[in-house]
Amino acid sequence: MAKAAPKSVIKEIAELRDKLRYHEYRYYILDEPEISDAAYDGLMNRLKELETAYPELVTPDSPTVRVGGAPREGFQTVRHARAMLSLDNAFSYDGLREWDRRVREGSGREKIEYIAEHKFDGLSISLQYEDGFLVRGVTRGDGATGEDVTPNVKTIRSIPLQVDPAILKKAKLAASFEVRGEVLMTRKAFEALNRQQEKIGGKIFVNARNSAAGAVRVLDPSITAARRLDFFAYYLFVDGKVPFAKHSESLSVLKQLHFRASDDWKLCNGIDAVTEYCDTWDSKREKLAYEIDGVVIKVNSTGIQNELGFTSKAPRWAIAFKYPARQETTVVNDIRVNVGRTGALTPVAFLEPVQVGGVTVSRSTLHNMDEVARLGVQIGDTVLIERAGEVIPHVLKVLKEGKNRRPFLMPKECPECGSAIHHVEGEVAYRCVNAACPAKRKESLLHFASRHAMNIDGLGDKIVDQLVDKGLAKDVADLYTLKEGDVAGLERMAEKSAQNLLLEIAGSKKSSLARLIYALGIFSVGERTGQLLAEHFSSLEELAAAKEEQLEAVHEVGPKVAASIVEFFSEPANRQLIKKLNKVGVHPTAEKRKVKSDKFAGKSFVFTGGLANRSREEAAELVQQHGGKISSSVSKKTDYVVVGTDPGSKYDKAKELGVTILTELEFDKIIQSK
Ligand code: IVH
């Protein structure tokens, strides 16, 4: 029997949950955080710790459920209490005026009060709350039935898991209600996702809408959680009916209930005010944090809405005004490659300059050779390009093949330094592996100095270009031997800023080992891997000497990452760099993991289901302290599968393959045994 939770723990859990909810509201809804991310993580970790120790105190609305649980087998379909209809579209102001005429005639009124709102470009979702708690999230599906995506929507931080009964009371709203709105990805989240995909040679998403929709409709909620989605609410029902006399009241109440709802809606008296609103946002929409593809106009009075009713497909009382897509045709004059920090060559289309939505576009990244092949694009072709908010537009498709078109071939030599290009069969990326390539050198210096790496403020691209071109920084270690005279002689460098930059550089010597590992720019080693490696190896020298097996013993480091680390340190230039860094005083050390025994040496473990006595991270730490390693999937090579509550498909797989299965209790006994 688990021990009963003391009152003090119950109290602390309640306080932590309140605090986390408050800070989530400040961060995700108001966009005005009061505490640092680290402080927020601290509160969350403490709550997780207590919930692990006292699993009976876990509730379905706890902030800890946002991390995403175990994947499921498939989606259940759910019938909507009230059909989720689509909207009729208008593509011109004439179309809008025509609709306004029908609304006025249908309602017998001369002028109508409308609400104009952003048309969010995402995926519509219905959220059902019972007794103030979120119980279900369902996609639109075919309008009549949708997919139950509850575990996924629970990971979206702008969706409240519970609403405050006091606010419900104040708004005179029943505790069971339905909220509809749009799940979307902000431009920033979308760009970060594609940067990440480009780095790992993964699928490049064409637009934020598709990647948001894809992330909601995956079976593994941890993928939804990782993709940083947002939710904007625009509709409120109680028992299938709008509970207020006006739509504008619904929008205000949604905000009071701590839903994210746009502040940019406007009450428009008559259709002229509506077209003015559409005009205003057409010129401002590029600056929004998320994409909109139009404006939704709704009759404000619920009474008139009911009088007008619905056609079989859409309400008569609302319409979507669609902005023309920001697409343009142009010619691909050339395709050249850009050399990145890791040496990866990215094909870039050089376009005949063309105006797209007020911006001149003359380049577009083609991401990688797979994308070039998928588009079938060649030099000389006429293409359709789209600027969907990103600074860099993308090529959508080839419209007309050029008369003298010629295919783009990946160069055999690096365009920057002339050394041979490497390509591993089956991988997407082509790379320049010359450590001294100036293009790579510049990118490596910028990465080394970046905020999450050594955090050297003031070392931007203009300075880096000059340092490399003048031969002052051949590698990152050279930064530490720069003299004031070197730096002050650079263009755009005042004396004071030269001194500041040198102080920043010197200060960065104190950075942690984790930061330094990340800062080296080893292919496939991101911030998190840097941290994990620093927990395992006590210095850079020790990491550099590690064999692949030792690296793979680190939690989350697989064969690919291990091979990449070994390859990096086997390069003589890189070994030299480590020595040089050491000499100039960059040699952070870290606390090494305490090894308790080698009873699990060479054994691999997989965990599935919920653990009662510890978090997954703690369990993994224990296995590693005893020499074992953790794997995320079950195979014939797995030695033990530890099964908690509600195990997933890994449990079935283990039975099928005859892998030894342990309960958490049995696992505990082995750990405690001598
Ligand atoms: S109201 C019955 N308001 O656009 C009316 N929809 O093209 C329900 N959408 O299916 C929709 N922003 O997914 C409404 N402010 C907004 C919206 C919005 C985006 C989506 C929604 C709808 C689609 C129709």
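The values are calculated or read from the model by the stated rules, or taken from the named source; none is laboratory data. As the structure is a computational prediction, the values presented were derived from the model and not from experiment. So basically every Cβ, Gly included, is an ideal-geometry build from the backbone, and we count neighbours across all protein chains shown. Accessible surface areas use protein heavy atoms only, side chains included; no ligands, DNA or RNA. Shrake-Rupley method; radii C 1.70, N 1.55, O 1.52, S 1.80 Å.
What fraction, in whole percent, of alpha-carbon pairs in segment 121-171 exceed 19 Å separation? I get 32 percent for the Cα pairs in segment 121-171 exceeding 19 Å.
With an 8 Å Cα cut-off and a minimum separation of 6 or more residues, compute the relative contact order for segment 493-624 in percent.
Values: 107 pairs, mean separation 36.8, N = 132.
Once normalised by length, the contact order is 28 percent.
Report, as a whole number in µm² per second, the diffusion coefficient that Stokes-Einstein gives for segment 191-332 at 4 °C and 1.567 mPa s using the Kirkwood radius over alpha carbon pairs. Taking Rh from Cα pairs, D becomes 71 µm²/s.
Hull volume per residue, based on the alpha-carbon atoms of the chain and their convex hull, is 201 Å³.
For a 4.7 Å threshold on C-beta separation, the list of partnerless cysteines in the chain reads Cys268, Cys278. Residue pairs exceeding 24 angstrom between C-alpha atoms, taken from Lys154/Lys255; Lys188/Lys474; Lys170/Lys284; Lys287/Lys440: Lys188/Lys474; Lys170/Lys284; Lys287/Lys440. In this simple spin-label approximation, Gln499 and Asp282 carry label points 7 Å from Cα along the Cα→Cβ vector, and these lie 5.5 nm apart. Pairs of Cα atoms in segment 263-313 fall into 10 Å distance bins, from 0 up to the last occupied one, in shares of 20, 43, 28, 8 percent. Among the GluC sites (Glu not before Pro) found in segment 450-514, those both in a DSSP coil and sparsely packed, with 13 or fewer other Cβ atoms within 10 Å of their Cβ, are Glu491.
State the percentage of accessible surface on segment 323-389 attributable to carbon and sulfur atoms; use a 1.4 Å probe and exclude ligands, DNA and RNA. Please list the in-between numbers first.
Details: 1180 of 2610 Å².
Whole-percent figure for carbon plus sulfur exposure: 45.
Among 342-348, 360-366, how do they line up from the highest to the lowest mean number of other beta-carbon atoms within 10 Å? Before the final figure, lay out the partial values.
On the way: 342-348: 20.6, 360-366: 17.1.
The densest-packed peptide leads the list: 342-348, 360-366.
What translational diffusion coefficient, to the nearest whole µm²/s, does segment 547-618 have by Stokes-Einstein, given a Kirkwood radius computed over alpha-carbon pairs, a temperature of 37 °C and 0.692 mPa s viscosity? Using the Kirkwood radius from Cα pairs, D works out to 211 µm²/s.
In this rough spin-label picture, where each label sits 7 Å from Cα along the Cβ direction, the Leu399-His423 distance is 3.0 nm. Among the trypsin sites (Lys or Arg not before Pro) within segment 482-543, those in coil by DSSP and having at most 16 neighbouring Cβ atoms inside 10 Å are Lys483, Arg492.
How much area per residue is accessible in the chain when the probe is 1.4 Å and only protein heavy atoms are counted (Å²)? Kindly include the intermediate steps, with their values, before the conclusion.
Details: 33600 Å² over 674 residues.
Value returned for the chain: 50 Å² of accessible area per residue.
Applying 1/(1 + (r/R0)^6) with r as the Cβ-Cβ distance of Tyr93 and Thr382 and R0 = 25 angstrom yields a FRET efficiency of 0.20.
Kirkwood analysis of the Cα pair distances in segment 582-655 returns a hydrodynamic radius of 13.9 Å. Using the Cβ-Cβ distance between Asp646 and Lys7 with R0 = 35 Å, the FRET efficiency computed as 1/(1 + (r/R0)^6) comes to roughly 0.75. Computed on the Cα trace of segment 425-553, the radius of gyration divided by the Kirkwood hydrodynamic radius gives Rg/Rh = 1.01. Modelled spin-label separation between Glu15 and Ser222, with each label point placed 7 Å from Cα along the Cα-to-Cβ direction: 3.2 nm. The per residue volume of the convex hull around the alpha-carbon atoms of segment 159-215 is 111 Å³.
Can you pull out the GluC sites (Glu not before Pro) in segment 239-325 that DSSP calls coil and that have at most 10 other Cβ atoms within 10 Å? Those that pass, being in a loop and sparsely packed, number zero. Residues whose amide H comes within less than 5 Å of that of Lys119, counting only those at least five positions distant or on another chain, are Asp293, Gly294, Val295, Val296 (H built at 1.01 Å from N in the peptide plane).
Report the relative contact order of the chain, percent, no decimals, based on alpha-carbon pairs under 8 angstrom and at least 6 residues apart. Relative contact order here is 10 percent.
Using the Cβ-Cβ distance between Ala39 and Gln576 with R0 = 35 Å, the FRET efficiency computed as 1/(1 + (r/R0)^6) comes to roughly 0.30. Considering only C-alpha atoms, what is the centroid distance from segment 390-453 to segment 203-253, in Å? Centre-to-centre (Cα) distance: 37 Å.
Distance from the C-alpha centroid of segment 553-598 to that of segment 76-118: 61 Å, rounded to the whole angstrom. Values of log10 I(q)/I(0) for segment 206-284 across q = 0.10, 0.18 Å⁻¹ run -0.40, -0.99, by the Debye formula with one identical scatterer at each alpha carbon and no solvent. Between segment 274-319 and segment 498-516, what is the C-alpha centre distance in whole Å? Answer, in whole Å: 52.
Between Lys255 and Glu541, the contour length at 0.36 nm per residue exceeds the Cα-Cα span by 97.5 nm. For Gln197, neighbours were defined as the other residues whose beta-carbon sits under 12 Å from its Cβ, and their charges (Lys and Arg +1, Asp and Glu -1) total 0. Note on segment 1-160: with neighbouring protein chains present and a 1.4 Å probe, carbon and sulfur make up 51 percent of its accessible heavy-atom surface.
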